[in-house]
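Read-outs throughout are calculated quantities, based only on the coordinates presented, and are distinct from any laboratory measurement. Keep in mind that this is a model prediction, so the values were computed, not measured. Cβ placement follows ideal geometry from the backbone for every residue including glycine, while neighbour counts extend to all protein chains displayed.
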Amino acid sequence: MAKDIPPQTLDAVRQPIETANGLPNAHYIDPDVFDVEKQAVLCGTWAGLAVAADVPEPGDAKPIEFLGMPLLLVRDRQGQVRVFQNICRHRGMILVSEPKKIEGAIRCPYHSWCYSTSGKLVSTPHVGGPGHNTHEAIDKDLLGLIEVRSHIWFDTVFINIDGNAAPFEEVHADLIARWSDFDQPLHHGGADSTFILDVKTNWKLAVENYCESYHLPWVHPGLNSYSRLEDHYNINEKGKFSGQGTLVYRQLKGDDGTVFPDFAGLDPKWTEGGEYLTVYPNVLLGVQRDHAFVIVLEPISHEETREHVHLYYAAPETDDALRAKNSVQWRGIFEEDVFVVEGMQKGRHAPDFDGGRFSPAMDGPTHCFHDWVAGKVAVHLAAP
Amino acid sequence: MTSLKDRLLAAHDRDDRRGLIALYVEAADAAADIDAACFYLTHAYIYALETGDQAQDQLYLRLKAHERV
């Protein structure tokens with residue numbers, strides 16, 4: 001049972017990297033531990049749900065099931081992106097079952113209670129009997145849609161499901177400062193700049209693989225010609241975020257030498273620099289001088305993850321062919337990682353695997369993530 | 001001419017929500033009493049709300065006049 005997660009295994013993870021073990025197998029293959037992590041790591045923090053570009057215009061609504069919960073992503077009439085529980089306050093009926101444009105109000109398909117896009121209950125037809133649309137027992141002011149705490153950063157919609165996390169800007173202050181150069185409009189590349197990868201792995205393995213550069217020359221040999229291992233550095237912000245950086249980012253060029261426009265006002269370090277960070281728990285971000293990407297990891301089950309990939313540019317219009325070429329390139333790189341994360345998932349069924357060891361020189365970002373997860377789980381289990 | 005009931009059913013079949021607004025108003029105007037009229041006006045109002053139709057303001061006022069909203 002999940003409550004039987006031995007504290008010593010979490011302690012072993014939280015040791016210095018030279019002596020630490022990784023998270024034990026149960027954290028990858030046991031549905032009960034998945035449920036514990038769901039509460040401790042995904043619901044108690046700022047988890048990535050979607051991107052704001054999923055609902056580009058006022059009235060756009062997209063139902064999303066996240067960790068089994070029916071949620072509704074909406075851009076309200078004022079342009080604010082909101083997340084609601086996707087249910088009517090009357091009988092719990094699902095309100096919106098497919099992406100759509102809300103022209104006026106959100107009407108429940110069951111008894112037609114209506115809500116504004118900002119969540120206000122605006123009408124309760126026949127609630128007081130046929131043709132009587134009010135009843136003293138039904139206070140519309142108290143029965144708006146249940147809103148999920150959300151925050152938009154880097155066009156990513158983060159949600160704090162339990163409502164108890166510290167404010168996003170506080171939790172991620174260092175990360176926001178680190179990438180302040182990119183605090184400017186990010187333009188989603190559109191339909192050809194998003195794709196989904198369904199991977200048979202626990203979501204944490206996708207994070208672990210993304211965090212480190214150790215695997216690059218082996219798994220992504222195509223990068224070797226210009227991006228050697230020694231051109232990368234680790235980013236280890238214990239308790240906060242981790243990832244890797246490159247010193248030799250090379251712009252993609254079209255056949256005629258076309259490149260994407262740069263983000264405005266970047267520090268010179270970004271001329272050949274790129275960074276690839278995980279916003280714990282489940283959002284993978286990458287920045288370079290001329291484009292960025294967001295990957296939201298959707299934990300489907302303890303052994304299934306859906307990766308939602310979105311590419312962003314510095315300008316609203318970019319060269320179609322170059323953008324398509326970029327999507328193909330990134331998709332190819334991310335697909336090269338699939339056999340690794342699926343292989344590690346299978347490996348986690350080996351009964352005597354102890355969570356493994358870390359290279360003190362190369363695996364700092366991965367250990368940093370394990371340490372963070374173990375810490376969150378330990379706090380959760382210690383709570384009364 | 002097809003009956004109002006048939007036109008309503010056809011509009012429901014087409015999922016013609018804006019068309020339903022006018023048809024339910026027509027049903028309300030032909031209703032025998034206030035309760036029946038408010039029943040139909042409610043439907044017209046709800047579809048106007050859902051579609052963002054500007055008729056919603058007038059329909060609200062008609063229901064308000066009978067203390068139904």
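The residue of segment B:37-52 that is surrounded by the fewest Cβ atoms within 10 Å (Cβ to Cβ), among those that are within 7 Å of chain A (Cβ to nearest Cβ) and within 20 Å of A:Asp60 (Cα to Cα), is B:Gly52. Considering (1) within 8 Å of another protein chain (Cβ to nearest Cβ); (2) of a type in the set (Lys, Arg); (3) within 13 Å of the chain's Cα centre (by Cα), the lone condition that B:Arg17 does not fulfil carries the number (1).
Inspection of segment B:57-69 finds a residue satisfying the criterion of being more than 11 Å from chain A (Cβ to nearest Cβ), among the hydrophobic types (A, V, I, L, M, F, W, C) and either more than 24 Å from B:Asp6 (Cβ to Cβ) or free of Cβ contacts under 8 Å to residues at least 40 places away in the same chain (or both). Of the set (1) within 14 Å of chain B (Cβ to nearest Cβ); (2) over 23 Å from B:Asp57 (Cβ atoms); (3) not acidic (Asp, Glu), all apply to A:Lys140 but (2). Per the conditions (1) more than 14 Å from chain B (Cβ to nearest Cβ); (2) in contact (Cβ under 8 Å) with a residue 40 or more places away in the chain; (3) of a type in the set (Asp, Glu); (4) outside any helix (DSSP H, G or I), the sole criterion not satisfied by A:Glu37 is (4).
Among the residues making up segment A:1-32, those that are β-branched (Val, Ile, Thr) and closer than 12 Å to A:Ala374 by Cβ are A:Ile5, A:Thr9, A:Val13. Here is the figure for segment A:189-219: residues that are in contact (Cβ under 8 Å) with a residue 60 or more places away in the chain and part of a helix (DSSP H, G or I) total 12.
Each row is one residue, and each column tells you yes or no for (1) surrounded by 20 or more Cβ atoms within 10 Å (Cβ to Cβ); (2) over 19 Å from A:Ala50 (Cβ atoms); (3) in contact (Cβ under 8 Å) with a residue 60 or more places away in the chain.
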site	(1), (2), (3)
A:Leu142	no, yes, no
A:Thr156	yes, no, yes
A:Ile159	yes, no, yes
A:Gly163	no, no, no
A:Glu170	no, yes, no
A:Ile176	no, yes, no
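Filtered by the rule that a residue be in a loop (DSSP other than H, G, I, E, B) and free of Cβ contacts under 8 Å to residues at least 40 places away in the same chain, segment A:256-295 gives A:Asp256, A:Gly257, A:Thr271, A:Glu272, A:Gly273, A:Gln288, A:Asp290.
To keep it simple, each residue is scored yes or no on (1) more than 14 Å from chain B (Cβ to nearest Cβ); (2) under 24 Å from A:Ser193 (Cβ atoms); (3) in contact with a Phe, Trp or Tyr (Cβ under 7 Å, 6 or more places away or on another chain).
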residue: A:Glu57; (1), (2), (3): no, yes, no
residue: A:Pro70; (1), (2), (3): yes, no, no
residue: A:Asn86; (1), (2), (3): yes, no, no
residue: A:Tyr115; (1), (2), (3): no, no, no
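If the condition is being at the interface with chain B (Cβ under 10 Å from one of its Cβ atoms), assigned to a loop (DSSP other than H, G, I, E, B) and either of a type in the set (Ser, Thr, Tyr) or buried (at least 22 other Cβ atoms within 10 Å of the Cβ) (or both), then segment A:118-132 contributes A:Thr124, A:Pro125, A:Gly131.
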